[in-house]
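These notes concern the structure reproduced below.
The values are calculated or read from the model by the stated rules, or taken from the named source; none is laboratory data. Quick caveat: nothing in here was measured; it's all calculated off a predicted structure. Here the Cβ is made from the backbone with ideal geometry for all residues, glycine too, and neighbour counts use every protein chain on show. Side chains are part of the model used for accessible areas, which takes the heavy atoms of the whole protein and leaves out ligands, DNA and RNA. Shrake-Rupley method; radii C 1.70, N 1.55, O 1.52, S 1.80 Å.
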Amino acid sequence: MSTVAEQNNAVMFTYGMDAASLTGQKCSKNFFRPGTNTDMHSFALAAYIAKSKYKKVYCIGQDYSFGWESIKPFISRLKKLNPSIEIVAEVYHPSARRTTVPM
């Protein structure tokens with residue numbers, strides 16, 4: 001959607017598109033997000049887990065930009081904060097398809 005806004009010189013505001021790349025690598029003068037992004041959520045969770053008593057972490061996320069951009073920075077930050085915590089899995093599942101329910 002941000003690409004379409006840029007191509008049409010339209011302005012796009014969003015509160016729900018959290019992928020950090022939208023205001024990072026793929027930043028556009030046409031895209032505005034007045035909230036948090038995946039890095040902010042992931043870094044906060046990593047800080048919490050790093051201080052916890054957990055020794056192992058299993059990561060599962062959706063197989064698209066939001067999932068990738070949530071888990072990758074989480075793992076990276078967690079390894080910096082507490083390298084002794086083991087990442088036992090990094091799994092990405094397909095997004096669910098919505099179907100219409102017959103009435």
- Item | Solvent-free Debye scattering, log10 I(q)/I(0), computed from the Cα coordinates of segment 1-56 at q = 0.15, 0.18, 0.20 Å⁻¹ | -0.51, -0.63, -0.71
- For R77, R33, give the ranking by accessible area with the largest first, probe 1.4 Å. R77, R33
- With the 8 Å Cα cutoff and a minimum separation of six or more residues, the chain has a relative contact order in percent of 25
- Query: Which net charge results when you count Lys and Arg as +1 and Asp and Glu as -1 among the other residues whose beta-carbon is under 12 Å from that of Q62?
  - Reply: -3
- Message: With a 1.4 Å probe and all protein chains left in place, how much accessible area per residue does segment 13-98 have, in Å²?
- Response: 70
- Query: Stretch K80-A96 to full length: gain in nm at 0.36 nm per residue minus the Cα-Cα span?
  - Reply: 2.5 nm
- Task: Measure off, as a whole percent, the carbon and sulfur share of the 1.4 Å-probe accessible area of the chain, all protein chains present.
- Result: 58
- Message: Can you bin every Cα-Cα distance in the chain into 5 Å intervals starting at zero and give me the percent of pairs per bin, rounded to whole numbers?
- Response: 2, 12, 18, 17, 15, 13, 10, 7, 4, 1, 0
- Message: Ordering S21, S95, S84 by accessible area with a probe of 1.4 Å, largest first, what comes out?
- Response: S84, S95, S21
- Message: At 7 Å along Cα-to-Cβ for each site, give me the label-to-label distance between T14 and K51 in nm.
- Response: 3.2
- Helix-derived [θ] at 222 nm for the chain: sum -39500 (n - 2.57) over DSSP H runs of at least 4, divide by residue count, nearest 500? -11000 deg cm²/dmol
